[in-house]
Amino acid sequence: MKRRAWLTLGAVVLGGGGIATYAVASPSTDAAGDVQPKRPVKVYDLTLKGTEAGKRELPRTETKQFSLLGVSWTGVTKPLEGKAQVRTRSSETGDWTAWQDLETNIDPPEDPDERSGARGASEPLWVGPSDAVQVQVVHEDGSTSAGLPKGLEVNLVDPGIATAAEQRAAGDDSDPAAFAVDGTGTPTPTGSESTSAAPTPTDPTDPATSASPSESATVSPTPTPTPTPTATTPTAPPSTAPEPTIVPRSGWGADESLSPDPSEYNADVKAVFVHHTDGSNDYSCTDSAAIVRGIYAYHTQSNGWNDIGYNFLVDKCGTIFEGRKGGVDLPVLGAHTYGWNRESTGIAVLGNFTDAGASNAALTSVARIAAWKLGQYGVAPDSTVQLKAGATQKNLAGTSFTAGESYTFNRISGHRDGYATECPGTSLYDQLPTIRAWAAGPVQGLKLTSLAGATLSGSTYFTKGAITAKWSATTPSSLISKFELLVDGQVVTTAAGTATSASTTLAAGTHKVAVRAVHQSGRTTPATTALTVTTDTTAPTFSTAPKITLRTGTVSTTAVPVTLGWKAADSQALKSVSLLSPTTATFGPTTTSSSSTAKPGAASTWSMTAYDVAGNTRTSSPSYTPMILQETSATKSGSWTSRSSTSYLGGKSYSSGAKGASLTWTFTGRSASWVVSRASTSGQAYVYVDGTKAATVDLKSSTTKYRDAIWTKSWAGSAKHTVKIVVVGTSGRPTVTTDGLVYIK
């Protein structure tokens with residue numbers, strides 16, 4: 001569990017022997033259990049003193065806890081011609097940061113009435129929980145501080161604890177997220193809020209509090225409602241784009257007593273100016289509400305404005321916060337872009353985007369707000385508009401504007417387009433075209449990525465009928481209204497903008513399948529390149545059923561060499577053929593045979609399945625039995641000698657060198673092979689099949705071989721056949737040694 005910080009008094013010896021008291025954050029056990037009491041926003045103002053070196057500074061000074069700071073000065077229209085830098089000490093680690101520059105070229109208020117109590121100020125900088133600060137402001141020439149404005153001070157903001165989520169996070173190490181996520185992927189506020197407050201003890205002798213800090217101890221418990229329309233309060237027009245989920249002012253803990261003045265309204269919203277708030281990008285999104293609350297306190301208490309300057313703020317997780325009060329659906333006059341506030345709304349992204357771009361989540365939310373606000377007035381986010389200048393000035397690019405004259409702007413522009421500032425940072429500025437495209441539509445980057453239930457062969461997909469088309473798009477789903485699945489140019493089904501696939505069943509035949517998207521603006525993306533899909537429900541065929549035939553090779557009592565042959569075909573495209581038994585193998589669509597072995601004396605089922613690319617199958621499972629016929633089963637003529645050896649089939653064979661000696665086997669089968677023993681002295685034999693001489697076989701071999709199937713013969717079907725071998729009586733090597741006959745039954 002985290003512990004609540006209280007303040008402990010101490011003292012330091014300053015240069016010159018002076019002693020100053022200070023307040024240091026120190027932990028104590030949280031008496032409230034796992035929920036931290038609310039703590040109001042507080043602002044501490046510390047004066048910067050002049051030095052002989054020609055700068056104004058605040059030496060390292062320990063303070064009460066703060067998380068956001070800035071530098072302000074007397075004279076709202078007087079620029080700070082110099083560099084302001086700060087260092088802070090983390091209250092969690094005790095480490096000091098490096099020097100950080102403050103952005104001091106910010107917009108003054110346009111309204112003369114608002115200028116009366118306003119101060120010049122830098123952009124606020126979020127530094128996270130800190131308890132000490134060091135500040136220096138150096139004039140441009142570096143040698144004198146005479147050109148620096150009067151009343152320079154550093155303003156420290158403790159954003160306090162105001163929301164229920166922050167109370168839980170402050171009291172629980174699990175640090176739960178401050179917002180839940182709705183169905184659109186946009187965070188929404190959760191939990192209830194208490195209006196109780198626990199002010200931090202103060203010490204009037206503390207230099208960090210002696211400047212009479214402004215403190216707020218109240219938090220509005222309800223969202224800011226749209227004001228009831230009056231003569232000066234417009235009616236909210238409907239929009240062509242859906243309203244995104246927005247955290248109301250009560251959701252981030254706005255103290256409405258800091259902004260007592262009534263809201264002011266423009267006639268409409270013609271443009272959107274995008275900003276960044278500067279500061280760190282390393283904040284946790286659970287701190288976003290506190291950051292917004294800190295900016296609000298800084299704008300009202302340090303700048304002297306009547307409210308936060310921005311109409312909307314967006315964090316890196318895509319959470320959208322209501323900024324200036326008056327109704328998010330109304331054209332509230334903001335204070336964000338000097339000279340152009342009367343016809344625009346301002347959206348600030350929390351963070352600094354000079355070197356790194358904003359997250360996709362942040363860009364998405366900016367696009368959604370822009371589309372919604374501009375859609376209320378019927379204008380396209382990717383168009384341009386003529387805006388009337390409210391001040392004579394130049395922008396960052398050096399373009400001159402004259403008050404009262406009109407100038408062309410993109411509907412979604414960067415702060416720097418209207419004012420001489422680096423805001424919204426070079427990287428975020430370069431992302432504005434993406435924001436415009438996402439906000440305006442049509443959906444970008446749409447492509448079909450795959451077709452489940454279909455197989456690609458060549459340039460055509462084949463299916464049995466049911467398919468699932470899958471796609472992707474670069475436009476965020478929250479900006480997409482729907483997807484449409486097209487078959488032959490007609491919409492067959494629709495899917496939500498968050499979907500990435502859709503299914504349908506295709507009729508028999510060949511079709512064109514594509515997908516298109518409808519943006520929330522109504523703009524429709526042209527259909528993707530159509531894929532050719534053929535529906536095939538016809539199974540493959542075996543034009544030649546699987547069969548085995550005997551082949552040459554070594555025979556044993558457990559394995560006979562055979563060739564498995566088949567022919568499969570399909571009306572569309574054959575994919576493969578698999579052997580399922582007596583062993584397994586898979587063959588390509590053009591393969592029609594394979595060498596194998598079969599066990600003699602036993603029936604074997606040769607089961608094969610043919611697959612087409614659509615997924616249809618056909619199985620054929622014939623059975624075959626290889627049989628071995630010994631010499632003793634043959635009809636003999638002439639002189640034959642019986643020989644015994646374990647190398648022979650059955651341990652015996654017949655041998656003869658007598659010219660004309662013969663052996664005849666009769667069998668019923670579809671394939672036969674003659675098995676012999678061979679050596680360098682082996683002779684020749686004639687082979688007769690069904691009474692007709694079929695071959696002259698020479699048994700001579702440079703190496704001795706046993707059980708060698710030297711000759712084979714196969715027929716289309718099973719029938720009764722005779723095979724007769726006759727000894728030729730070859731000169732010098734007349735001997736023929738036979739080891740039986742094998743046939744397929």
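The values are calculated or read from the model by the stated rules, or taken from the named source; none is laboratory data. Please read all numbers here as calculations on a predicted model, not as lab measurements. Positions of Cβ are generated from backbone atoms using ideal geometry, with glycine treated the same way; all protein chains shown enter the neighbour counts. Heads up: the accessible areas ignore ligands, DNA and RNA and are worked out on the full protein's heavy atoms, side chains in. Shrake-Rupley method; radii C 1.70, N 1.55, O 1.52, S 1.80 Å.
In segment 230-259, the qualifying residues are those that are under 26 Å from Ala380 (Cα atoms), assigned to a loop (DSSP other than H, G, I, E, B) and of a type in the set (Val, Ile, Thr), and the one that is farthest from the chain's Cα centre (by Cα) is Thr233. Filtered by the rule that a residue be of a type in the set (Val, Ile, Thr) and either under 30 Å from Tyr706 (Cβ atoms) or in a strand (DSSP E or B) (or both), segment 533-553 gives Val533, Thr534, Thr535, Thr541, Thr544, Ile548, Thr549, Thr552. Please verify whether segment 577-594 includes one or more residues that are open to solvent by 80 Å² or more (accessible area, probe 1.4 Å) and closer than 16 Å to Val675 by Cα. Within segment 577-594, none of the residues are open to solvent by 80 Å² or more (accessible area, probe 1.4 Å) and closer than 16 Å to Val675 by Cα.
Against the criterion of being of a type outside the set (Ser, Thr, Tyr) and part of a strand (DSSP E or B), Val274 qualifies.
Elements of the type strands (runs of 3 or more DSSP E) sitting completely within segment 598-657 and holding at least 3 residues that are crowded, with 18+ Cβ neighbours inside 10 Å, in contact (Cβ under 8 Å) with a residue 40 or more places away in the chain and not basic (Lys, Arg): these cover 607-612, 626-629, 652-656. Pull up segment 71-101, narrow it to residues that are outside any strand (DSSP E or B) and modelled with pLDDT of 90 or more, then point me to the one that is most open to solvent (accessible area, probe 1.4 Å). In this case the residue turns out to be Glu92. Evaluating Arg416 against the criteria (1) without any contact (Cβ under 8 Å) to a residue 24 or more places away in the chain; (2) under 17 Å from Val269 (Cβ atoms); (3) surrounded by 15 or more Cβ atoms within 10 Å (Cβ to Cβ) leaves one unmet condition, (2). Does Thr528 count as in contact with a strand residue (DSSP E or B) (Cβ under 6 Å, 6 or more places away or on another chain), part of a strand (DSSP E or B) and at pLDDT 95 or above? The answer is no for Thr528. Criterion first (surrounded by fewer than 19 Cβ atoms within 10 Å (Cβ to Cβ), among the small types (Gly, Ala, Ser) and either assigned to a strand (DSSP E or B) or touching a His at 6+ places or on another chain (Cβ under 7 Å) (or both)) does Ala517 satisfy it? Here the answer is no, as Ala517 does not meet what is asked.
Return a yes/no flag: does segment 534-548 have any residue that is farther than 30 Å from Ser714 by Cβ and either aromatic (Phe, Trp, Tyr) or surrounded by fewer than 19 Cβ atoms within 10 Å (Cβ to Cβ) (or both). Yes, segment 534-548 contains at least one residue that is farther than 30 Å from Ser714 by Cβ and either aromatic (Phe, Trp, Tyr) or surrounded by fewer than 19 Cβ atoms within 10 Å (Cβ to Cβ) (or both). Inside segment 646-681, can you point out the residues that are at positive phi and in contact with a Gly (Cβ under 9 Å, 6 or more places away or on another chain)? Result: Gly650, Gly660. Looking across Thr434, Thr468, Thr475, Thr421, one residue alone is within 14 Å of Val533 (Cα to Cα), among the hydroxyl-bearing types (Ser, Thr, Tyr) and either part of a strand (DSSP E or B) or in contact (Cβ under 8 Å) with a residue 40 or more places away in the chain (or both). It is Thr468.
Considering segment 46-70, and only residues there that are outside any strand (DSSP E or B) and free of Cβ contacts under 8 Å to residues at least 40 places away in the same chain, the residue that is surrounded by the fewest Cβ atoms within 10 Å (Cβ to Cβ) turns out to be Glu52.
Consider segment 687-714 and keep the residues that are open to solvent by less than 70 Å² (accessible area, probe 1.4 Å) and among the aromatic types (Phe, Trp, Tyr). The one that is nearest to Leu564 (Cα to Cα) is Trp711.
This table checks each residue for (1) at pLDDT below 95; (2) closer than 23 Å to Ala602 by Cα; (3) within 60 Å of the chain's Cα centre (by Cα); (4) part of a strand (DSSP E or B).
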residue	(1), (2), (3), (4)
Trp665	no, yes, no, yes
Thr668	no, yes, no, yes
Ala672	no, yes, no, yes
Ala695	no, no, no, yes
Thr703	no, no, no, no
Trp715	no, yes, no, yes
Ala719	no, yes, no, yes
Ile725	no, no, no, yes
Thr738	no, no, no, yes
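Looking only at residues in segment 210-260 that are modelled with pLDDT under 90 and open to solvent by less than 30 Å² (accessible area, probe 1.4 Å), the one that is farthest from Ala370 (Cα to Cα) is Ser216. Taken over segment 437-465, the residue count meeting the criterion of being in a helix (DSSP H, G or I) and surrounded by fewer than 22 Cβ atoms within 10 Å (Cβ to Cβ) is 1. Being more than 15 Å from Glu110 (Cβ to Cβ), out of contact with any Leu (no Cβ under 9 Å at 6 or more places or on another chain) and at pLDDT 95 or above is a property that Leu313 lacks.
Screening segment 554-574 for residues that are outside any loop (DSSP other than H, G, I, E, B) and farther than 24 Å from Gly588 by Cβ and picking the one that is farthest from the chain's Cα centre (by Cα) gives Thr554. Within segment 487-499, is there a residue that is among the hydroxyl-bearing types (Ser, Thr, Tyr), without any contact (Cβ under 8 Å) to a residue 60 or more places away in the chain and in contact with a Leu (Cβ under 6 Å, 6 or more places away or on another chain)? Yes, some residue in segment 487-499 is among the hydroxyl-bearing types (Ser, Thr, Tyr), without any contact (Cβ under 8 Å) to a residue 60 or more places away in the chain and in contact with a Leu (Cβ under 6 Å, 6 or more places away or on another chain). Flag set for Asp382, criterion: touching a Lys or Arg at 6+ places or on another chain (Cβ under 8 Å), assigned to a loop (DSSP other than H, G, I, E, B) and open to solvent by 30 Å² or more (accessible area, probe 1.4 Å). The single condition from (1) in contact (Cβ under 8 Å) with a residue 60 or more places away in the chain; (2) farther than 23 Å from Glu103 by Cα that Glu405 fails is (1).
In contact (Cβ under 8 Å) with a residue 60 or more places away in the chain and not β-branched (Val, Ile, Thr), is that true of Ala719? For Ala719, the condition - in contact (Cβ under 8 Å) with a residue 60 or more places away in the chain and not β-branched (Val, Ile, Thr) - is not met.
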